[in-house]
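Participant: Starting off with a structure, shown below.
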Amino acid sequence: MSSKTSSVALTEFRSNPLSIIGLVLVALCVGLAVFADLVAPYPAHVGPIGDFMAINQAPSAAHWFGTDTIGRDVLTRILYGFRLSLVMAAMVLAISMPIGVALGLMAGYLGGWVEFAIMRLTDVFLAIPPLVLAMAIMGFLPATLTNAMLAVTAMWWPWYTRLVYNVVRSEAREGYVLAAEVIGASPLHVMTREILPNCAPAILTKLTLDVGFVVLMVSSLSFLGLGVQPPTPDLGSMVADGAKYMPDAWWLSIFPALAIMVLVLGFNLLGDGLREAFDAEV
Amino acid sequence: MADPVLTVRDLHLAFRKGRQRTEVLHGISLHVNAGEKVALVGESGSGKSVTAQLALARLQQEKGTEAEGLIEVLGHDATRSPARIAAMRGHRVTMIFQDPTSALNPVFRIGEIFEQVLRAGGQRLRAQEARRRAEAALAEVQIPDPARALDSYPFQLSGGMNQRVMIAMALANGPELLLADEPGTALDVTVQAQTLRLMDDLVTSRGTAVLFISHNLSVVREFADRVYVIYRGRIVEHGRTEQLFSDPRHPYTKALLAAAPRLLGGGLPDLPQGAEAFADPLLVHDGCAEPGEVTA
Amino acid sequence: MSPILRLLIHRLALSLLVLAGVSILIFFVARVVPGDPARIALGPNAGAEAVEALREERHLNDPLIVQYGWFLRDLAGGDLGTSLYTRRPVLQDIAAYLPATLELVFIAGLMMVLVGLPLGRLAARHQRRGPDHLARFLSVLAVCTPAFVWGVILQLLLAYVWPIFPLEGRLSTGVAPPPDITGLYTVDALLTGQFGTMLNALYHLILPATALALSGIGQSARLTRSSMIETYRKPYIEMARAYGFKEGRIARRYAFRPALIPTLTVLGLDFAAMLANAFLVERVFVWPGLSRYGVEVILRKDLDAIVGVVLVIAAMFLITNLVVDLIVSIINPRLRLAEKRGK
């Protein structure tokens, strides 16, 4: 991508108020997650022990979002929940994206039986709703944080394979690829040096959107009791646990629910802004 | 002299986006009399297509459009009362486009689109009657099997057939003014010539006035009574067709004619961009003044 | 053979292939995981002989590929195995729980189409003006919020704070379920003329279906909007306007139908995604659907049942896409009349 097009993309991005809101929300959530130790009012409440003198308190000056059934500060747990969600999303994407991209490049560029095998496998994965597949995998594995991540990773790569495959298919006949082939560049070189950079805007956009969707998926698993286990603070399980005490202790599930909303919304608005700025098909 | 069906006087048009303002038309004047065929010739980006859009009152409402000057269509001011113009679209004023196939909705049958066209301007019409009139209109543009054409989707017909359909639609309601914006430029040269001749015959026999927008000099020569040459948002020369072709006066027109390929169909040749002489003032041939002006 | 039929057969064959792939995938995942299913099924107190007997009965001692063969043979006979949790055939269990889920998903799908499409159309007509910005923001919000969060919020607001809607369940206590014909309470009640029961069932459906539909509504509004905006730039819309077609008619019909074609395919995917999200919503509203069963068998490591649930959901996912393909090919004459092309 030339510097001119990226400056056009930047201007486009800046002129969209929703993208800026997204950027601000993302910065806020990431900042709070990174500095949770400094920002959280009661860092000690991360674990299983709270302040038994202050259980089930409604939101107040001391506890902005109230306290839970064993006296833990809900705001504190939400901030650590941000951290956990973001770390999990980062790890899921750090593993699934490269795998998916590599398979997509191979399928699109090499063609033949490689293409057939990879794309049919992708079809199989995409034929099952992601949540259901992740749930099923969790059914065969013990419900732990690592396994939940593995389960989500296992069903996330096909989306990148399909995305890159489509881009490669439309780029493979472009002049610059043919030129590289004519001068005898190896397939590996053509794939990684010529084609991959052209997939970059689409991949970047999808990654941004996906941080939100992975958070959504992981918290859904936790909500069903199939993901992160207590006492680790997780937004999904907080909503599920809090729902038992509705409507009296409404703050127990409403605040974590809003936290998920804000986190996913931020990445979605940002991703949407990038998509429009890059004009990327995702 | 017959009354003009289209009068444009000192028309300015600018587009505004953010702080940027681009002036597209710098005060053009032209007119089309009832039953007259007038051509507006210029290269792409010279402002000829926006003139047609303005005449249909289609641009004035858009955000960031600044139009000044007079555009009068069949006695109504297109800038001040766009609703009046809107009510005339499709029956008193109609239009033909560059690419007939993309101008026809791909997911509707020709018959369905035609029915809608016949109801333009709120005319009440029963489906049966619409069908009968559509068939008659298609027969008139020499479509061999009108009933089958009406039951077809645009992609099932050839480009030439679609252009005939488009002509039939344009003339079906007996318009007083037809705007032809580069009609059939997207088509094969021979097909374009055929359909143009057909259009010419039909508008001549009905006495429909035509504003013919084109970049193709040879087509214009065959078709138009009078020609305006437009260059970068200014009319540079105006005369009757035979005057203009036998005695071109403006440097831009001369350059165009000198470079024009003799064969039918060549578009505008590449001209030296922005040659200074092209900015020379308007030259008007004898007897071709705008209505209300003194002959120069 | 008509082109639609040919297309349908082609897609059906492809879907069966994918379904076979899903069965292989899920079967092998189920078998390679650590832990002896027979041991898990019988619990830690069972004797070694009992475990061995069950392993033999379930062909667990055979090589994997042979096991898959047994699995396929049973599947062909409509046998998805037996649930170790309910001790009933898995298919029978699924048949009992599925209708409640389907009813929920159908209503939510209906909401998605009836609200989402007009909303997107409205936004496209007022592009970059008030209603558009509002619709865009709301749809992004809807897309970004997991169904269970909507469930919790709706429940708090409309069942607790303002008790307009029932809190949970399919029917009020004291209302007898209608005779089991389709398993969909609203339909069964209607078929047997029990209008009171039908209204009661519908009343219970509104909140969970809304929670389930919201993200789909947002998604479909968003898609319709962008598709409509693209269509509005097409020459045939310029033609329609030049010929005085009414702006409202263009929005409802002339631009809407072509814009619908790309939208529908994605809508099918969204509808199918509701099958998964139903798991979350059912949990919030204590809805006796497939989710309750699914989560239960997952927590109990009930292998046959898990495989069965995944297969059934994958099959419904594929059927949905098949139906969408069919609708698209009916709307899109290019597909329907493909063979006449170039005449």
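Participant: What shape does region A:169-248 take by its C-alpha gyration tensor, where a ≥ b ≥ c are the square roots of the eigenvalues and a/c under 1.5 counts as rounded, a/b above b/c as prolate, and the rest as oblate?
Facilitator: prolate
Participant: Please list, by residue number, every one of the GluC sites (Glu not before Pro) in region B:1-81 that is coil in DSSP and has at most 10 other beta-carbon atoms within 10 Å.
Facilitator: Hits after loop and neighbour filter: B:GLU62.
Participant: If packing is taken as the mean number of other Cβ atoms within 10 Å per residue, what is the order of B:47-60, A:179-192, C:138-151, highest first? Working shown, then result.
Facilitator: Values: B:47-60: 22.2, A:179-192: 12.9, C:138-151: 24.6.
Highest to lowest by the protection proxy: C:138-151, B:47-60, A:179-192.
Participant: Still on this model: Would you kindly calculate the translational diffusion coefficient of the protein assembly as shown, applying Stokes-Einstein with the Kirkwood radius from alpha carbon pairs, for 20 °C and a viscosity of 1.002 mPa s, and quote it in µm² s⁻¹ without decimals?
Facilitator: It diffuses with D of about 67 µm²/s by this estimate.
Participant: To the nearest whole percent, what portion of all C-alpha pairs in region C:41-148 is separated by more than 23 angstrom?
Facilitator: Summing the P(r) tail past 23 Å for region C:41-148 gives 59 percent.
Participant: Zone of C:ARG257 (label point 7 Å along Cα→Cβ, backbone N under 14 Å): which residues in region B:93-108?
Facilitator: B:104-108
Participant: So what is the 222 nm mean residue ellipticity for the protein assembly as shown from helices alone, if each DSSP H run of at least 4 adds -39500 (n - 2.57) and you divide by all residues, rounding to the nearest 500 deg cm²/dmol?
Facilitator: Result for the protein assembly as shown, helices only: -19000 deg cm²/dmol.
Participant: Taking H placed 1.01 Å from N in the peptide plane, check which residues at least 5 places from B:GLY69 or on another chain put their amide H under 5 Å from its amide H.
Facilitator: B:HIS12
Participant: With +1 assigned to the C-beta of every Lys and Arg and -1 to the C-beta of every Asp and Glu, and no other charges, what is the dipole magnitude of region C:3-76 about the Cα centre in debye, to the nearest 20? Don't skip to the end; give the middle numbers.
Facilitator: Values: 7 positive and 7 negative charges, 110 e Å.
So the dipole magnitude of region C:3-76 works out to roughly 520 debye.
Participant: Okay, next question. Considering the Cα positions of region B:77-236, please state its Rg to one decimal place and its Dmax as a whole number of Å.
Facilitator: Expressed in Å, the Cα Rg and Dmax of region B:77-236 come to 15.8, 50.
Participant: Given the convex hull of the Cα atoms of region C:288-333, what is a quarter of its surface area in nm²?
Facilitator: Numbers: hull surface 14.7 nm².
Hull-based average projected area comes out at 3.7 nm².
Participant: Something else now. Hey, with R₀ at 35 Å, roughly what FRET efficiency would C:ARG129 and B:ARG133 work out to, going by the Cβ-Cβ distance, to 0.05?
Facilitator: On the way: r = 39 Å, r/R0 = 1.12.
Efficiency, rounded to the nearest 0.05: 0.35.
Participant: Would you mind estimating how fast region B:163-254 diffuses translationally, via Stokes-Einstein at 4 °C and 1.567 mPa s with the Kirkwood radius over Cα pairs, in µm²/s?
Facilitator: Rounded, D is 92 µm²/s.
Participant: Can you give me the long-range amide H partners of B:LYS37? Hydrogens built in the peptide plane at 1.01 Å from N, cutoff under 5 Å, separation of 5 or more residues or another chain.
Facilitator: Residues meeting the criterion, in which the H sits 1.01 Å from N, are B:VAL210, B:ASP225, B:ARG226.
Participant: Gaussian network model of chain C, Cα springs within a sub-10 Å range: biggest mean-square fluctuation belongs to which of C:ASN45, C:ASN277, C:ASN61?
Facilitator: C:ASN45
Participant: Running a GNM on chain A with Cα contacts under 10 Å, which residue among A:GLY227, A:GLY22, A:GLY111 ends up with the highest mean-square fluctuation?
Facilitator: Looking only at A:GLY227, A:GLY22, A:GLY111, the largest GNM fluctuation is found for A:GLY111.
Participant: May I have the extent of the alpha carbons of region C:96-299 along their three principal axes, as whole Å values ordered from largest to smallest?
Facilitator: 62, 35, 35 Å, listed from the longest principal axis down.
Participant: Oh, and also: Can you give the alpha-carbon Rg of region C:3-76 over 2.2 N^0.38 Å, where N counts its residues?
Facilitator: Details: Rg = 17.5 Å, N = 74, 2.2 N^0.38 = 11.3 Å.
Compared with the compact-globule rule of thumb, region C:3-76 sits at 1.55.
Participant: Here's another thing I want to ask about it. Restricting everything to alpha-carbon atoms, can you work out Rg to Rh for region C:183-305 with a Kirkwood hydrodynamic radius?
Facilitator: 1.17
Participant: Suppose we keep just the DSSP beta bridges with both residues in the protein assembly as shown; what percent of those would be antiparallel, to 5? The partial results should precede the final answer.
Facilitator: Details: 29 of 50 bridges.
Approximately 60 percent, going by the DSSP bridge assignments.
Participant: Which is farthest toward the positive dipole end of the protein assembly as shown among B:ILE143, A:THR192, A:MET135, measuring Cα position about the Cα centre, with Cβ charges +1 (Lys, Arg) and -1 (Asp, Glu)?
Facilitator: Toward the positive end, the furthest listed residue is B:ILE143.
Participant: Work out the count of Lys pairs in chain B where the Cα-Cα distance is under 30 Å, with the pair 8 or more places apart or on different chains.
Facilitator: Lysine pairs satisfying the spacing and distance rule in chain B number 6.
Participant: Less than 14 Å apart at the alpha-carbon level, and either on another chain or at least 8 residues along: which aspartates and glutamates does that give for A:LYS244?
Facilitator: Counting by Cα, and skipping residues close in sequence, A:LYS244 has these aspartates and glutamates nearby: A:ASP68, C:GLU168.
Participant: What is the dipole size for the protein assembly as shown, taken about its Cα centre, with +1 at each Lys and Arg Cβ and -1 at each Asp and Glu Cβ, in debye to the nearest 20?
Facilitator: Around 1160 debye, computed over the protein assembly as shown.
Participant: Restricting attention to region A:158-213, which trypsin sites (Lys or Arg not before Pro) occupy a DSSP loop and are surrounded by at most 13 other Cβ atoms within 10 Å?
Facilitator: Counting only loop positions with at most 13 other Cβ atoms within 10 Å, the trypsin sites (Lys or Arg not before Pro) in region A:158-213 are A:ARG173.
Participant: Once phi is turned into θ = phi - 60°, what whole-Hz ³J(HN,Hα) does the Karplus curve with 6.51, -1.76 and 1.60 give for every residue of region A:52-63, x standing for Gly and Pro?
Facilitator: 5, 7, 10, 8, 6, 8, 5, x, 8, 5, 6, 10
Participant: Helix hunt in chain C: which complete DSSP H runs extend at least 20 Å axially by C-alpha with mean Kyte-Doolittle at least -1.0?
Facilitator: Details: long enough: C:3-32 (43 Å, 1.99); C:90-111 (31 Å, 1.54); C:130-144 (21 Å, 0.98); C:195-232 (46 Å, 0.57); C:256-284 (39 Å, 1.20); C:303-331 (42 Å, 2.52).
Flagged H segments are C:3-32, C:90-111, C:130-144, C:195-232, C:256-284, C:303-331.
Participant: With no solvent and one equal point scatterer per Cα, compute the Debye intensity ratio I(q)/I(0) for chain C at 0.08 Å⁻¹ and report its log10, rounded to two decimals.
Facilitator: -0.51
Participant: Given the options B:SER218, B:SER158, B:SER246, which has the most mean-square fluctuation in a GNM of chain B, springs set between C-alpha atoms less than 10 angstrom apart?
Facilitator: Highest fluctuation of the listed residues: B:SER246.
Participant: Filter chain A for me: DSSP H helices, axial length by Cα at least 27 angstrom, mean Kyte-Doolittle hydropathy not below 0.5. List them by residue number.
Facilitator: A:74-110, A:196-223, A:251-278
Participant: If you don't mind, another one. Hey, got the dipole for region B:1-115? About the Cα centre, +1 on K and R Cβ, -1 on D and E Cβ, debye to the nearest 20? It would help to have the intermediate numbers written out before the result.
Facilitator: On the way: 14 positive and 13 negative charges, 72 e Å.
So the dipole magnitude of region B:1-115 works out to roughly 340 debye.
Participant: Considering only C-alpha atoms, what is the centroid distance from region C:75-147 to region B:1-66, in Å?
Facilitator: 51
Values in this text are rule-based calculations from the coordinates and carry no lab data. Being a predicted model, the structure only gives us computed values, none of them experimental. Cβ atoms come from the backbone with ideal geometry, glycine included; neighbour counts cover every protein chain shown.
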